[in-house]
Amino acid sequence: MTSTSCNRCHAETEIKIIHVADGNADQLHICLKDFPLRTCPEGHRQFVRPNFAAELLHHLTEEDEPGLPAGEEKGLIMKKYLCESCHAALEPKPDHTHTFSIDIELEDLQPFGVDLSMPVYKCSACGKEQLHSLKEVRKLTPAAMAHAFEDANIPPPPGVI
């Protein structure tokens, strides 16, 4: 059930759209674009529903990020990354940073966008550009999202911290 009252002052809330909120974690930059949140007359902000952050994280890590071009991580201590296409070693230094734009559609909400920006590495054998590994992106996504929510001035729900 979605509460329409503020979780701090208990006033009635309404859905507003935040045009941009940014967050970083190591080399991953996330930009949330035109995403919904609830606001009250006092200016308090909260997620549109209690499980919104978890829904978005699941959507990104399980549905969207697996479709990104990403190499394969090998090795426990001395990591190396192999091309997803030809399995040759990826260049050790990034070629450039690339932004992957994702359209997010969650139940009962207007679609919004998420941009994921990370360094991409070029395969010296076949020339394909890709992220180091999907594991690396998935590891950084929760922290980058949390920083984007902080940028949007959405505190954790009461009792979480």
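Picking from residues in the range 1-57 that are under 17 Å from Glu107 (Cβ atoms) and free of Cβ contacts under 8 Å to residues at least 40 places away in the same chain, the one that is surrounded by the fewest Cβ atoms within 10 Å (Cβ to Cβ) is Met1. Listed here are the strands (runs of 3 or more DSSP E) enclosed by the range 74-161 that have at least 2 residues being in contact with a His (Cβ under 9 Å, 6 or more places away or on another chain) and within 26 Å of Glu55 (Cα to Cα): 96-104, 112-122.
Failed condition for Gln110, given (1) of a type in the set (S, T, N, Q); (2) surrounded by 14 or more Cβ atoms within 10 Å (Cβ to Cβ); (3) over 12 Å from the mean Cα position of the chain (by Cα), with all others met? So Gln110 meets the others, but not (2).
Would you check if Ser101 is within 18 Å of the chain's Cα centre (by Cα) and surrounded by 18 or more Cβ atoms within 10 Å (Cβ to Cβ)? Here the answer is no, as Ser101 does not meet what is asked.
Throughout, read-outs are computed from the coordinates displayed, never taken from laboratory work. Owing to the predicted nature of the structure, the values given are computational and were not obtained by experimental measurement. Because the Cβ atoms are built from the backbone with ideal geometry, glycine has one as well, and the counts that use them run over all protein chains shown.
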